[in-house]
Amino acid sequence: MNQQSINRTLSNLPLGAIRYFDSIGSTNDEALAWAANDAKDLSIVIANEQTSGRGRLDRPWFTPPSTALAFSLILRPTAEEKPHLSRIVGLAALALADSFGRLGLAPEIKWPNDILLNGHKVAGILIELVWSGEDVDCVVVGIGVNVAKGSVPTTDILRFPAISLEHVLGEAPDRNKLLYDILTSFISLRPHMRSDSFIKSWEKSLAYLGREVRVEMGEDQAVIGKVIGLESDGSLKLSDESGQSIPVRFGDVRLRLFA
Ligand code: BT5
């Protein structure tokens with residue numbers, strides 16, 4: 001993977017510009033700085049290694065050299081997209097799920113930002129916003145995919161079991177081609193993001209549908225309920241014991257095995 005091979009592979013996609021790094025702290029940090037400057041819509045930062053990759057709430061995201069995909073896409077949302085920014089995490093998740101599906105796999109979306117294969121996390125998404133006063137100017141969509149086995153961190157530092165595409169496929173797919181495929185899905189799904197059918201497709205791919213889960217929203221705040229779908233803003237819809245619907249806007253979802 002290098003700047004030339006990526007430029008070549010992505011040449012027929014309608015991207016802004018492409019910045020490749022052999023090693024970087026976090027592609028999201030680079031993308032946020034670029035977005036605050038002059039980055040065009042669909043510009044992309046990609047790295048062969050991240051030394052301080054981030055997850056949500058500043059949790060670490062591991063990207064050892066030459067084993068993973070780590071990239072950040074900069075979006076300049078249109079006026080029509082702006083009321084639906086909370087759906088962008090679903091857009092990224094569905095693009096990943098579509099792309100893994102084309103590899104013959106059966107991915108599930110663990111709401112809000114994880115992609116699972118065989119119940120293990122293979123990819124994560126980090127959405128960050130760049131504001132201009134009261135208005136969102138840019139959205140940075142950070143995506144990390146475990147491609148080769150070496151990308152999977154040791155279990156002691158994991159909050160949730162992890163896996164790579166190589167573990168499931170028997171060999172690691174070509175990272176440039178995979179990137180092309182994910183971006184192609186993302187670009188073709190984007191115009192549909194505002195539709196009701198988009199929420200339906202997102203719902204269909206949800207992990208734990210109909211199962212009882214616990215959603216942790218902080219140190220000592222949690223909600224328990226059965227996953228019944230998504231709200232139109234992409235919040236998770238649970239139903240409690242009395243059948244009352246509870247919308248959940250953020251948190252970490254865990255299956256309740258011993259309810
Ligand atoms: C995420 O956060 O899953 C978002 C990950 C986004 C990473 C991309 S890579 C490109 C871009 N640049 C960045 O700096 N970030 C984005 P969250 O749901 O909070 O999960 C974080 C947790 O995942 C950590 O606390 C670890 O337990 C676990 N983890 C870390 N590295 C992992 C890996 N490679 N595979 C699976 N789990 C991992």
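Before moving on, here are some points about what is shown:
- Flag if Ser132 is modelled with pLDDT under 95 and more than 12 Å from the ligand (Cβ to nearest atom): yes
- Cross-chain or 6+ apart pairs with Cβ under 6 Å, region 122-149 first and more than 16 Å from Arg59 (Cβ to Cβ), then assigned to a strand (DSSP E or B) and charged (D, E, K, R): Val130/Asp137; Val140/Glu128
- Within region 33-82, considering residues that are near the ligand (Cβ under 9 Å from one of its atoms) and among the basic types (Lys, Arg), the one nearest to Val136 (Cα to Cα): Arg56
- Residue pairs whose Cβ atoms lie under 9 Å apart, separated by 6 or more positions or on different chains, with the first residue in region 191-219 and at negative phi and the second in a helix (DSSP H, G or I) and among the polar types (S, T, N, Q), are His192/Ser201.
- Tabulated pairs, region 97-118, first more than 24 Å from Leu57 (Cα to Cα), second acidic (Asp, Glu), C-beta under 7 angstrom, 6+ apart or interchain: Ser99/Asp181; Arg102/Asp181
- Just one of the numbered conditions (1) at pLDDT 95 or above; (2) within 12 Å of the ligand (Cβ to nearest atom); (3) surrounded by fewer than 14 Cβ atoms within 10 Å (Cβ to Cβ) is not true of Arg159: (1).
- Residue match in region 181-191 (condition: more than 16 Å from Phe71 (Cα to Cα) and charged (D, E, K, R)): yes
- Sub-6 Å Cβ pairs linking a first residue in region 10-34 that is in contact (Cβ under 8 Å) with a residue 12 or more places away in the chain and of a type in the set (Ser, Thr, Tyr) to a second residue that is open to solvent by 20 Å² or more (accessible area, probe 1.4 Å) and away from the ligand (no atom under 16 Å from the Cβ), at least 6 apart or interchain, are Tyr20/Gln3, ordered by first then second residue.
- Of everything listed in (1) out of contact with any strand residue (DSSP E or B) (no Cβ under 7 Å at 6 or more places or on another chain); (2) closer than 30 Å to Lys82 by Cα, the single unmet condition for Cys138 is (1).
- Region 233-259: number of residues that are in contact with a strand residue (DSSP E or B) (Cβ under 7 Å, 6 or more places away or on another chain) and either more than 16 Å from the ligand (Cβ to nearest atom) or outside any loop (DSSP other than H, G, I, E, B) (or both): 16
- Note on region 117-126: residues that are surrounded by fewer than 22 Cβ atoms within 10 Å (Cβ to Cβ) and within 9 Å of the ligand (Cβ to nearest atom) total 2.
The values are calculated or read from the model by the stated rules, or taken from the named source; none is laboratory data. Note that this is a predicted model, so its numbers are computed, not measured. Virtual Cβ from ideal backbone geometry, glycine too; neighbours counted across all protein chains shown. What goes into the accessible areas is simple: the full protein's heavy atoms, side chains included, and nothing from ligands, DNA or RNA. Shrake-Rupley method; radii C 1.70, N 1.55, O 1.52, S 1.80 Å.
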